[in-house]
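Report on the following structure.
The values are calculated or read from the model by the stated rules, or taken from the named source; none is laboratory data. This one's a predicted model, so the numbers in the text were calculated from it and none came from an experiment. Backbone-built Cβ (ideal geometry, glycine too); neighbour counts: all protein chains shown.
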Amino acid sequence: MSYAERLARSVRRCRDEDREALGSFQREMFGSEARQARDDYTRWLFDQNPHRGSDGPPLWIVERGGVVVGQQGGLPVPLAVGDRTFDAQWAVDLMVRPEWRMRGVGPALSQVQQESCDVSLALSVSEAAYKAFLTAGWTDMGLLPFLVRPLAPDRLVEAHGAPWWLRELVKVAPNRAIAGSAWAASLVLERVSGTHLEPIHAFDSRADALWAEARHDYPIAAQRDHATLHWRFDQCPHRARYRRYYLVKPGHVLGYVVTRVETWHGIQVGRIVDHFSPMKWTAPLLGEAVERLHAEGLAAVFYEGLDERAGLALHALGFVNGPRITRFMFKARAALPVQHTWMADPANWFVTDADADREL
């Protein structure tokens with residue numbers, strides 16, 4: 001048996017008796033203040049995920065002498081691909097002790113995670129992981145579009161490290177015109193569509209009907225049913241950050257959107273974290289979300305994701321292109337009954353900030 005084969009056999013799922021050693025590893029490797037070092041986040045992500053299998057949490061470790069030397073996590077999610085649904089996982093939190101790097105631990109952990117599902121997915125891929133993924137046969141989907149809707153450009157350019165394109169925008173578009181155009185466009189969409197946003201404290205079974213109705217509008221999308229949304233937003237340790245809304249007409253839910261307010265370089269901005277609806281309701285849904293955020297006096301609204309219809313709607317609402325920074329990659333089983341060239345087209349994917357763990 002080769003060294004690589006022996007190493008692969010030493011990879012196993014984390015058990016309850018490993019938690020103390022794993023916690024020490026996470027605090028040391030990620031930092032004591034990191035999300036990965038918090039037991040409530042670890043249990044929520046890997047133990048409480050509604051799509052985890054019966055064989056234990058999708059969190060793999062390699063240990064030597066009772067000391068964890070590496071870990072790899074996976075966030076299971078059903079992936080709707082056309083009329084089919086496959087078992088997918090977002091690969092997250094790969095970490096190896098420095099003295100064990102370049103000794104095959106990382107690739108062994110990654111391989112075991114990939115073999116546990118039909119499709120492996122990854123966001124925010126580091127340069128080192130990018131090279132390793134390409135060698136392992138992953139498909140590079142490029143960088144996610146990042147869109148910005150300035151609402152108070154003067155405050156944006158005062159922020160530390162404000163990019164050049166925001167400074168240029170202030171020269172040609174005064175505050176009042178920019179903020180007013182966002183309000184006007186959102187108001188037109190609301191009146192024409194006859195819809196409004198209904199705040200909710202938690203997702204309910206109406207999300208199941210919405211997913212069933214709209215899923216075929218999106219060629220490839222991670223499942224967004226009640227169980228998934230309840231886990232992702234209502235059970236999350238920082239659930240209080242999220243504002244959840246249904247887009248409604250009397251008696252019917254047309255979509256949902258999740259937003260949050262955060263501090264960016266010392267100023268308050270809004271972020272559209274997630275949304276889903278039949279495509280014909282994308283523009284009213286996002287327009288009314290922007291209006292809600294605009295009413296809070298924020299400096300800007302951010303959106304990052306893959307969704308061509310959303311991109312068109314947001315550009316119509318005055319969003320401008322920002323620098324792309326988040327890389328998206330995937331790897332499907334060779335025997336997956338789907339044409340690879342079709343899956344490799346970014347236009348077929350629906351990805352938002354809520355996918356994987358990058359927004360946590």
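For residues that are surrounded by 16 or more Cβ atoms within 10 Å (Cβ to Cβ), more than 18 Å from the chain's Cα centre (by Cα) and touching a residue at least 60 places away in the same chain (Cβ under 8 Å), tally how many sit in the stretch 27-50.
Qualifying residue count, the stretch 27-50: 3.
If you go through the stretch 2-60, how many residues are hydrophobic (A, V, I, L, M, F, W, C) and at positive phi?
Number satisfying all stated conditions: 0.
Right, Arg13: within 23 Å of Ala88 (Cα to Cα), in contact with a Phe, Trp or Tyr (Cβ under 8 Å, 6 or more places away or on another chain), surrounded by fewer than 18 Cβ atoms within 10 Å (Cβ to Cβ) and not hydrophobic (A, V, I, L, M, F, W, C) or not?
yes
If we scan the stretch 258-268, do we find a residue that is in contact with a Lys or Arg (Cβ under 6 Å, 6 or more places away or on another chain), of a type in the set (A, V, I, L, M) and within 19 Å of Asp208 (Cβ to Cβ)?
Yes, that holds for at least one residue.
Of all residues being more than 29 Å from His340 (Cα to Cα) and not in a strand (DSSP E or B) in the stretch 58-83, which is nearest to the chain's Cα centre (by Cα)? Just the residue, please.
So, considering only residues that are more than 29 Å from His340 (Cα to Cα) and not in a strand (DSSP E or B), the one nearest to the chain's Cα centre (by Cα) is Gly66.
Looking at (1) at negative phi; (2) in a strand (DSSP E or B); (3) touching a helix residue (DSSP H, G or I) at 6+ places or on another chain (Cβ under 8 Å), can you tell me which one Asp93 breaks?
Just one mismatch for Asp93, condition (1).
Would you pick out the residues in the stretch 43-55 that are at pLDDT below 95 and touching an Asp or Glu at 6+ places or on another chain (Cβ under 9 Å)?
Answer for the stretch 43-55, where residues must be at pLDDT below 95 and touching an Asp or Glu at 6+ places or on another chain (Cβ under 9 Å): just Gly53.
Name the helices (runs of 4 or more DSSP H) wholly within the stretch 248-360 that hold at least 3 residues that are more than 24 Å from His201 (Cβ to Cβ) and assigned by TED's automatic domain parsing to the domain that holds Asp217?
Passing ranges, in order: 308-316.
Does Val112 qualify as being over 20 Å from Gly142 (Cα atoms), in the same structural domain as Ser10 (by TED's automatic domain parsing) and not polar (S, T, N, Q)?
Spelling it out, Val112 is indeed over 20 Å from Gly142 (Cα atoms), in the same structural domain as Ser10 (by TED's automatic domain parsing) and not polar (S, T, N, Q).
For the stretch 249-282, what are the residues that are modelled with pLDDT of 95 or more and of a type in the set (Gly, Ala, Ser)?
Answer for the stretch 249-282, where residues must be modelled with pLDDT of 95 or more and of a type in the set (Gly, Ala, Ser): Gly255, Gly270, Ser277.
Give just the number: which of (1) surrounded by fewer than 19 Cβ atoms within 10 Å (Cβ to Cβ); (2) within 22 Å of the chain's Cα centre (by Cα); (3) under 30 Å from Leu134 (Cα atoms) does Val273 not satisfy?
Status for Val273: all satisfied but (1).
Can you go through Met29, Met102 and tell me which one is out of contact with any Pro (no Cβ under 7 Å at 6 or more places or on another chain), assigned to a loop (DSSP other than H, G, I, E, B) and not acidic (Asp, Glu)?
Met102
Restricting attention to the stretch 133-158, report how many residues are polar (S, T, N, Q) and touching a Leu at 6+ places or on another chain (Cβ under 8 Å).
So the count comes out to 0.
Output yes when any residue across the stretch 340-347 is surrounded by 15 or more Cβ atoms within 10 Å (Cβ to Cβ) and among the β-branched types (Val, Ile, Thr), and no when none is.
For the stretch 340-347, residues surrounded by 15 or more Cβ atoms within 10 Å (Cβ to Cβ) and among the β-branched types (Val, Ile, Thr): absent.
Only one of Ala177, Ala221, Ala173, Ala182 is in the same structural domain as Ala316 (by TED's automatic domain parsing), of a type outside the set (D, E, K, R), modelled with pLDDT under 55 and crowded, with 20+ Cβ neighbours inside 10 Å. Can you tell me which?
Step by step, each of Ala177, Ala221, Ala173, Ala182 is checked, and only Ala182 is in the same structural domain as Ala316 (by TED's automatic domain parsing), of a type outside the set (D, E, K, R), modelled with pLDDT under 55 and crowded, with 20+ Cβ neighbours inside 10 Å.
Which one of these does Asp204 not meet: (1) part of a loop (DSSP other than H, G, I, E, B); (2) over 26 Å from Leu317 (Cβ atoms); (3) touching a residue at least 24 places away in the same chain (Cβ under 8 Å)?
(3)
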